[in-house]
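Here the structure comes first, spelled out in structure tokens, and everything after it is commentary.
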Amino acid sequence: MLINHRMYVPKIGITALVSPELIFACRGEPFDVNNIIPASRIYPANKLCAWTAIWKEMLLKREIAIDSLVVVAGGDCHNALVDGQKAAMSGIPTHFFFYPFDGDPEYLELQLYRLSDFLGGIESFEKFKEIKRLKELGQMIDKRRCQGKISSGEAFRILISFSDLLGDLNRFKRAIESIRESNIEIKNRVALIGVPPIYYDFHETAESLGLQIVFDELPYEFIRHGGTDIREIARDYCDYTFARPLDFRIDFLRKELERRDVDGVIHYTQFACHHMLEDEVLRAELDYPILTIQGDLPGNTPQQIKLRLEAFREMLERLR
Ligand code: SF4
């Protein structure tokens, strides 16, 4: 049988933000291994953070079919560095990607060239501009959600998918086109900071309890960075806040929270995630009522967290 190797598009697993522009331009199909976790029902045998433990277990059992893996080893997640190495030791071709803590664009440019070599080199330059246009639509969705024209749950599902654009730009365009606008009464404008909740229904739950999420910190990073070549990407992605010092991220947060006129902040933390240690600093530095919650295993939002969201809403209403 003749196989047309030119048609084969390798599936590239990514463990955190890795420029999807570059992966598509190298004729790869990015696949964010985190995006399947909230809907999964896997309780991993050996874990710290459930996010990395579940994708690691699924990779080791070959329940996620990928051709190679890019692990963000220097940047926003220390657990991924270890669990990514376990996946590499099981035989999955793996590349380790590092963001510069000091934001040095030349360092990041070198990292991107190394990644491009790992992926086989750039073949499709038009993908850069195609994704730039999609990210402009992402900015529009974010804005319309803030204006109460798109529900926070619907906006979140699209914004979080900008990490890999569903691995298929045409499918992703259709997903964007399917968004329907409505008029949502926003009573309590809330920012959701930290890593995304592991509960698949978190935004709908918050909205049903009178808290409208008008800012999703990490997904916003997915839509605000881009570029039409490696040099531009390096100069833009070097401001990825989760990979930078905390004071850099806090300065950025202050501007976004003010711009979106938020009434309060929910800081989502994940069991056994080092970002939990940032809670006391965020509380000290951000001048808003803050609710800190912690999740562990995927599923729907637990009753105990619902009660805390309700109490937070009541507190925000009392402060008015
Ligand atoms: S929650 Fe924390 S430890 Fe878990 S994958 Fe995200 S950054 Fe890593």
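Mind checking which residues of the range 265-280 are away from the ligand (no atom under 13 Å from the Cβ) and either acidic (D, E) or touching a helix residue (DSSP H, G or I) at 6+ places or on another chain (Cβ under 6 Å) (or both)? Before the answer, list the steps.
Taking the range 265-280 first, the residues away from the ligand (no atom under 13 Å from the Cβ) are 265-266, 280.
Of everything in the range 265-280, just one residue is away from the ligand (no atom under 13 Å from the Cβ) and either acidic (D, E) or touching a helix residue (DSSP H, G or I) at 6+ places or on another chain (Cβ under 6 Å) (or both), namely E280.
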Any pair with Cβ under 8 angstrom, 6 or more apart, that starts in the range 140-152 at a residue that is over 12 Å from D216 (Cβ atoms) and ends at one that is buried (at least 16 other Cβ atoms within 10 Å of the Cβ) and of a type in the set (A, V, I, L, M):
R144/I150; R144/A155; G148/I186; I150/I141; I150/I179
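Rundown of residues vs (1) within 12 Å of the ligand (Cβ to nearest atom); (2) open to solvent by less than 60 Å² (accessible area, probe 1.4 Å); (3) part of a loop (DSSP other than H, G, I, E, B), yes/no style:
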residue: S40; (1), (2), (3): no, yes, yes
residue: N46; (1), (2), (3): no, no, yes
residue: T52; (1), (2), (3): yes, yes, no
residue: V70; (1), (2), (3): no, yes, no
residue: A73; (1), (2), (3): yes, yes, no
residue: D76; (1), (2), (3): yes, yes, yes
residue: A80; (1), (2), (3): yes, yes, no
residue: A87; (1), (2), (3): no, yes, no
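Out of the range 11-37, which residues are part of a loop (DSSP other than H, G, I, E, B) and either over 16 Å from the mean Cα position of the chain (by Cα) or surrounded by fewer than 21 Cβ atoms within 10 Å (Cβ to Cβ) (or both)?
First, pick out the residues of the range 11-37 that are part of a loop (DSSP other than H, G, I, E, B): 15-19, 26-28, 37.
Listed by number, the residues that qualify are C26, R27, G28.
From the list R231, R318, which residue is of a type in the set (D, E, K, R), out of contact with any strand residue (DSSP E or B) (no Cβ under 8 Å at 6 or more places or on another chain) and closer than 30 Å to R114 by Cα? So that I can check it myself, show each step before the final result.
Numbers: R318 fails: closer than 30 Å to R114 by Cα.
Only one candidate passes the filter, namely R231.
For I213, are the conditions met, namely being of a type outside the set (S, T, N, Q), over 19 Å from L17 (Cβ atoms) and crowded, with 16+ Cβ neighbours inside 10 Å?
Criteria met by I213.
Can I176 be described as touching a strand residue (DSSP E or B) at 6+ places or on another chain (Cβ under 8 Å) and open to solvent by 10 Å² or more (accessible area, probe 1.4 Å)? Can you show your working first?
Values: touching a strand residue (DSSP E or B) at 6+ places or on another chain (Cβ under 8 Å): no; open to solvent by 10 Å² or more (accessible area, probe 1.4 Å): yes.
So I176 fails the test.
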G103 is checked against (1) out of contact with any strand residue (DSSP E or B) (no Cβ under 7 Å at 6 or more places or on another chain); (2) more than 16 Å from the ligand (Cβ to nearest atom); (3) farther than 27 Å from L134 by Cβ; (4) outside any helix (DSSP H, G or I) and fails just one. What number does that condition carry?
(3)
Residue selected from the range 54-68 under the condition out of contact with any Gly (no Cβ under 9 Å at 6 or more places or on another chain) and assigned to a helix (DSSP H, G or I), by the criterion nearest to F271 (Cα to Cα)
I54
Pull out all pairs, ordered by first then second residue, where Cβ-Cβ is under 6 Å, the residues are six or more apart or on different chains, the first lies in the range 257-277 and is over 19 Å from I305 (Cα atoms), and the second is part of a helix (DSSP H, G or I) and within 9 Å of the ligand (Cβ to nearest atom).
H274/H78
Do we find a residue being under 18 Å from the mean Cα position of the chain (by Cα) and either farther than 25 Å from G153 by Cβ or open to solvent by 10 Å² or more (accessible area, probe 1.4 Å) (or both) anywhere in the range 280-291?
no
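Do we find that R318 is over 28 Å from I36 (Cα atoms), exposed (fewer than 15 other Cβ atoms within 10 Å of the Cβ) and of a type in the set (K, R) in this structure?
Values: over 28 Å from I36 (Cα atoms): yes; exposed (fewer than 15 other Cβ atoms within 10 Å of the Cβ): yes; of a type in the set (K, R): yes.
Here the answer is yes, as R318 does meet what is asked.
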Which of the residues belonging to the range 54-68 are within 12 Å of the ligand (Cβ to nearest atom) and open to solvent by 10 Å² or more (accessible area, probe 1.4 Å)?
K56
Verdict on D251 being of a type outside the set (G, A, S), open to solvent by 10 Å² or more (accessible area, probe 1.4 Å), assigned to a loop (DSSP other than H, G, I, E, B) and more than 16 Å from the ligand (Cβ to nearest atom)
no
Being part of a helix (DSSP H, G or I) and open to solvent by 10 Å² or more (accessible area, probe 1.4 Å) is the filter here, so list the residues in the range 231-248 that pass it.
R231, E232, R235, D236, F242, L246, D247, F248
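The values are calculated or read from the model by the stated rules, or taken from the named source; none is laboratory data. For clarity, every value in this text was computed on a predicted model and none was experimentally measured. Every residue, glycine as well, gets a Cβ built from its backbone with ideal geometry; the counts of neighbours run over all protein chains shown. Each accessible area value is taken on the protein alone, full model and side chains, heavy atoms only, with ligands, DNA and RNA left out. Shrake-Rupley method; radii C 1.70, N 1.55, O 1.52, S 1.80 Å.
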